[in-house]
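**Q** Following this message is one structure expressed as structure tokens.
The values are calculated or read from the model by the stated rules, or taken from the named source; none is laboratory data. Fair warning: this is a prediction, and the values are worked out from it, not measured in the lab. Please note: Cβ atoms are built from the backbone with ideal geometry, for glycine as well, and neighbour counts cover all protein chains shown. Surface accessibility is based on the protein's heavy atoms, side chains included, excluding ligands, DNA and RNA. Shrake-Rupley method; radii C 1.70, N 1.55, O 1.52, S 1.80 Å.
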Amino acid sequence: MAKTIAAVATGNSAGGIGVIRISGDSAIEIADKIFEPADGSALCDLAGYRAKFGNVICGGEAADDAVALVFRAPKSYTGENTVEISVHGGLYIVQKTLEAAFEAGAVPAEPGEFTKRAFLNGRIDLSEAEAVMDLIQSKNEFAMSTSLKQLEGALGKKITEIRKQIIHSVAFIESALDDPEHY
């Protein structure tokens with residue numbers, strides 16, 4: 001069983017919103033320990049692709065207003081249960097929320113680990129995984145649009161099309177070799 005990981009999904013600078021992503025078998029249970037919905041419900045009871053408003057709990061006390069988004073496996077980016085908690089984007093509260101996730105049972109994600117899990121769980125192919133990094137590092141419009149097309153699967157579709165043509169050609173050649181009189 002893979003460990004449940006957590007990391008800051010937004011940049012490492014102050015901003016309007018900071019997002020902490022938790023992914024793995026125990027993601028929803030861990031998020032339930034650090035997020036208290038305003039309506040008193042539990043995230044474990046929430047269907048996938050749903051959001052709840054509430055408070056992040058750090059050290060037993062409400063630390064910030066937040067929104068938690070729940071994505072259930074296999075229909076998440078990683079193919080695993082995933083929760084994204086959006087807090088106000090100050091560096092301190094983002095870090096406190098991440099530390100609370102670690103205290104609740106998550107482990108730190110390695111760089112690129114969410115995308116690695118998406119690849120390993122069959123959610124994206126290798127060219128799409130590489131496109132994620134290219135998109136993040138793009139510095140102009142052309143690089144961004146090329147990476148986005150690759151992320152949408154354009155390269156994988158082209159490779160699949162070429163592969164089909166090669167298989168058809170090989171089958172035709174083998175047929176001709178097996179029965180040269182009727183090819």
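**Q** Restricting attention to segment 45-68, report how many residues are touching a residue at least 12 places away in the same chain (Cβ under 8 Å) and among the charged types (D, E, K, R).
**A** Here the count works out to 4.
**Q** While we're on this one: Mind listing whichever residues of segment 60-80 are among the aliphatic types (A, V, I, L, M) and either assigned to a loop (DSSP other than H, G, I, E, B) or touching a Phe, Trp or Tyr at 6+ places or on another chain (Cβ under 9 Å) (or both)?
**A** Hits for segment 60-80 are Ala66, Val67, Ala68, Leu69, Val70, Ala73.
**Q** Shifting gears a bit: Which residue is nearest to Ile85 (Cα to Cα), if the candidates are limited to segment 39-59 and must be open to solvent by 70 Å² or more (accessible area, probe 1.4 Å) and not in a strand (DSSP E or B)?
**A** The qualifying residue nearest to Ile85 (Cα to Cα) is Tyr49.
**Q** Could you tell me whether any residue of segment 69-81 is in contact (Cβ under 8 Å) with a residue 60 or more places away in the chain and either within 30 Å of Ala154 (Cα to Cα) or open to solvent by less than 80 Å² (accessible area, probe 1.4 Å) (or both)?
**A** Checked against the condition, which is being in contact (Cβ under 8 Å) with a residue 60 or more places away in the chain and either within 30 Å of Ala154 (Cα to Cα) or open to solvent by less than 80 Å² (accessible area, probe 1.4 Å) (or both), segment 69-81 yields at least one hit.
Let's see how each residue does on (1) open to solvent by 80 Å² or more (accessible area, probe 1.4 Å); (2) over 19 Å from Lys75 (Cα atoms); (3) outside any helix (DSSP H, G or I):
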residue: Pro111; (1), (2), (3): yes, yes, yes
residue: Thr115; (1), (2), (3): no, no, no
residue: Met133; (1), (2), (3): yes, yes, no
residue: Ile136; (1), (2), (3): yes, yes, no
residue: Thr146; (1), (2), (3): no, yes, no
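**Q** Cβ contacts < 9 Å: first residue on the phi > 0 side of the Ramachandran plot, restricted to segment 16-44; second residue of a type in the set (D, E, K, R) and surrounded by fewer than 24 Cβ atoms within 10 Å (Cβ to Cβ), any location; separation 6+ or different chain. Result?
**A** Hits for this filter: Gly24/Lys3; Gly24/Arg117.
**Q** Something else: Can you tell me which of Ala154, Ala106 is open to solvent by less than 30 Å² (accessible area, probe 1.4 Å) and either among the basic types (Lys, Arg) or more than 23 Å from Gly16 (Cα to Cα) (or both)?
**A** Going through Ala154, Ala106 in turn, just one is open to solvent by less than 30 Å² (accessible area, probe 1.4 Å) and either among the basic types (Lys, Arg) or more than 23 Å from Gly16 (Cα to Cα) (or both): Ala106.
**Q** For segment 121-131, which positions are surrounded by 15 or more Cβ atoms within 10 Å (Cβ to Cβ) and either under 18 Å from Ser76 (Cβ atoms) or touching a strand residue (DSSP E or B) at 6+ places or on another chain (Cβ under 6 Å) (or both)?
**A** Once the filter is applied, which keeps residues that are surrounded by 15 or more Cβ atoms within 10 Å (Cβ to Cβ) and either under 18 Å from Ser76 (Cβ atoms) or touching a strand residue (DSSP E or B) at 6+ places or on another chain (Cβ under 6 Å) (or both), segment 121-131 yields Asn121, Arg123, Ile124, Asp125, Glu128, Ala129.
**Q** Quick one: Ile93 ticks every box in (1) in contact with a strand residue (DSSP E or B) (Cβ under 7 Å, 6 or more places away or on another chain); (2) within 25 Å of Arg123 (Cα to Cα); (3) surrounded by 17 or more Cβ atoms within 10 Å (Cβ to Cβ) bar one, so which box is it?
**A** (2)
**Q** Please indicate, with yes or no, whether at least one residue in segment 81-92 is farther than 25 Å from Tyr49 by Cα and in a helix (DSSP H, G or I).
**A** Yes, segment 81-92 has at least one match.
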